[in-house]
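Chemist: Submitted below is the structure of interest, expressed as structure tokens.
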Amino acid sequence: MLAWLPAQSAPAAKAFQLSAAQAPLLASALNADAEDMHYSAVISLLDAINGINSAYFSWAIVKLYYCCFYSIRSLMASNGIGIVYVPINATAAAPFSVNTQISMSPRQEKGVTHKITWTLFERIFPNNPLLGDIGLERAYAWMTKLRESVNYKNPRFPDPVVPSHFNELDRRGVQVALNAYIADTAFAYAFDADHAALAFPIECLKRSMASLVGVGVVFDQADHDHVDACLASAGITGLISSQLLA
């Protein structure tokens, strides 16, 4: 995506200003990224569902976190916001945020890509409904903690014991819960700790897809076929690829 940035160095990035001719090139690159990241979010969701159905709960929550992460990256990209890394020396690169506004200069960010993603999303879209809370923390922070507990804190996976954040899902069944979460238009589940582990990623995915539709992104038939095959493999009926892909 850096093809539009003539001099690829941190000082050059800070001095760079996006021209009227370059803006559509950046927008096109961001839309392509948005499509790719949304697809990754969908595959992450379906992989998580397969894991839940097989009582692989630990890796399922990691994949649900990534569904959120890729969905938010996609949502920002389709709205003209991206994250790029610009070389600062022979071995390291610095993160910058970019947008498609004419005369824009990239802004240097701090932290790793995951932290930058959530910080940037909250800074640029402070009123987005996905910035709701679960308890006393942002829903994305709640999901991050669940993922980090699996990745970094728990020496032993509790599988096949159902973790508390999946109790309601286990009680209802994945099929019934999915239908309810996808049909929900009032955020009745996304910020409820009994449902949010699956409901919040689905809300992120829904918002990402709506944004892609708005910029005219259309997925290939091969992508739809693969998602339909994944749904069938997971035993999910009544849900088709066009509800997850533009």
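We did not get these values from a lab; they are worked out from the coordinates using the rules stated. None of these values were measured; they are calculated from a predicted model. Note that we place each Cβ from the backbone using ideal geometry, even for glycine, and neighbour counts take in every protein chain shown.
Chemist: Could you work out how much longer the chain between Arg107 and Thr91 gets when fully extended? Use 0.36 nm per residue separation minus the Cα distance between them, nm to one decimal. Could the numbers behind the result be given before it?
Modeler: Values: separation 16, 0.36 × 16 = 5.76 nm, distance 2.07 nm.
Full extension from Arg107 to Thr91 adds 3.7 nm.
Chemist: Hand me the trypsin sites (Lys or Arg not before Pro) from region 138-246 located in a DSSP loop with no more than 16 other Cβ atoms within 10 Å, in residue order please. The partial results should precede the final answer.
Modeler: Details: sites: Arg138, Lys145, Arg147, Lys153, Arg156, Arg171, Arg172, Lys206, Arg207; in loops: Arg156.
Answer by residue number: Arg156.
Chemist: Rounded to the nearest 500 deg cm²/dmol, what is the calculated helix-only ellipticity per residue at 222 nm for the chain, with -39500 (n - 2.57) per DSSP H run of length n ≥ 4?
Modeler: Here the helix-only value at 222 nm equals -17000 deg cm²/dmol.
Chemist: Given a Förster distance of 30 angstrom, what is the FRET efficiency for Ser28 paired with Asn128, based on the Cβ-Cβ distance and rounded to 0.05?
Modeler: With R0 = 30 Å, the Cβ-Cβ based efficiency is 0.80.
Chemist: May I ask you to compute the full-extension gain from Asp184 to Asp170, defined as 0.36 nm times their residue separation minus their alpha-carbon distance, rounded to one decimal in nm? Provide the component values of the computation, followed by the final result.
Modeler: Numbers: separation 14, 0.36 × 14 = 5.04 nm, distance 1.91 nm.
Gain on stretching Asp184 to Asp170: 3.1 nm.
Chemist: May I pose another question? Pairwise over distinct Cα atoms, reciprocal of the mean inverse distance: report the Kirkwood radius of region 102-246 in Å, one decimal place.
Modeler: On the way: mean 1/r = 0.0571 Å⁻¹.
It is 17.5 Å.
Chemist: If you don't mind, there's one more thing I want to ask. Considering the alpha-carbon set of region 5-92 alone, what are its Rg and its Dmax in angstrom?
Modeler: For region 5-92, the Cα radius of gyration and maximum Cα-Cα distance read 17.4, 52 Å.
Chemist: As I understand it, the value is the acute angle between the Cα axis of helix 139-148 and the longest principal axis of the Cα atoms of the chain; what does it come to in degrees, rounded to 10?
Modeler: Long axis of 139-148 versus the principal axis of the chain: about 80 degrees.
Chemist: What lysines sit close enough to Lys14 to cross-link, taking a C-alpha to C-alpha distance under 27 Å and skipping anything fewer than 8 places away on the same chain?
Modeler: Lys110, Lys115
Chemist: Under unit Cβ charges (Lys, Arg +1; Asp, Glu -1), what dipole magnitude, rounded to 20 debye, does the chain have relative to its Cα centre?
Modeler: Dipole about the Cα centre, nearest 20: 780 debye.
Chemist: Related question: Quick check: net charge around Val86, other residues with Cβ under 12 Å of its Cβ, Lys/Arg +1 and Asp/Glu -1?
Modeler: The answer is +1.
Chemist: For a quick check, take a GNM of the chain with Cα springs below 10 Å and name the residue from Thr117, Thr185, Thr91 with the largest mean-square fluctuation.
Modeler: Thr91
Chemist: Could you give me the ³J(HN,Hα) list for region 106-119, computed from phi with Karplus coefficients 6.51, -1.76, 1.60 and θ = phi - 60°, whole Hz, x at Gly and Pro?
Modeler: Using θ = phi - 60°, the values come out as x, 10, 6, 10, 10, x, 7, 4, 5, 4, 4, 4, 6, 5 Hz.
Chemist: If you don't mind, another one. Compute the angle between helix 221-233 and the longest alpha-carbon principal axis of the chain, please, reported from 0 to 90 degrees and rounded to the nearest 10.
Modeler: Around 30 degrees separate the two axes.
Chemist: Do you know the relative contact order of the chain, to the nearest whole percent, from alpha carbon pairs under 8 angstrom that are 6+ apart?
Modeler: Computed value for the chain: 24 percent relative contact order.
Chemist: In square nanometres, what is the average projected area of the Cα convex hull of region 25-68?
Modeler: Projected area, direction-averaged: 2.7 nm².
Chemist: How high is the FRET efficiency between Tyr152 and Ala222 when r is their beta carbon distance and R₀ equals 51 Å, given to the nearest 0.05?
Modeler: For R0 = 51 Å, the calculated efficiency reads 0.90.
Chemist: Might you report the magnitude of the Cβ-based charge dipole of region 1-133 about its Cα centre, with Lys and Arg at +1 and Asp and Glu at -1, to the nearest 20 debye?
Modeler: Roughly 340 debye for region 1-133.
Chemist: Once you have the Cα-Cα distance between Asp159 and Lys115, take 0.36 nm times their residue separation minus that, and quote the gain in nm to one decimal.
Modeler: Here the segment from Asp159 to Lys115 would lengthen by 13.0 nm.
Chemist: Let me ask you something else. Can you give me the distance in nm between label points at Asp194 and Ala210, each placed 7 Å from the Cα along the Cα-to-Cβ direction?
Modeler: 2.5
Chemist: If you scale each eigenvalue of the Cα gyration tensor by 5 and take the root, what three semi-axes come out for region 151-210, rounded to whole angstrom and sorted largest first?
Modeler: Details: eigenvalues 110, 40, 17 Å².
Semi-axes, largest first: 24, 14, 9 Å.
Chemist: Given the options Phe16, Leu244, Ala199, identify the residue whose Cα lies farthest towards the positive end of the charge dipole of the chain (+1 on Cβ of Lys, Arg; -1 on Cβ of Asp, Glu).
Modeler: Towards the positive end, the residue furthest out is Phe16.
Chemist: Counting only residues 5 or more places away or on other chains, whose amide H sits under 5 Å from the amide H of Ala94 once H atoms are built in the peptide plane?
Modeler: Long-range HN contacts for Ala94: Val86, Ile88.
Chemist: Moving on. Listing Thr237, Thr144 from the residue with the fewest other Cβ atoms within 10 Å to the one with the most, what is the order?
Modeler: Thr237, Thr144
Chemist: Please list the non-local residues whose amide H lies under 5 Å from the amide H of Phe219, H modeled 1.01 Å from N, same-chain partners needing a gap of 5 or more.
Modeler: Ala246
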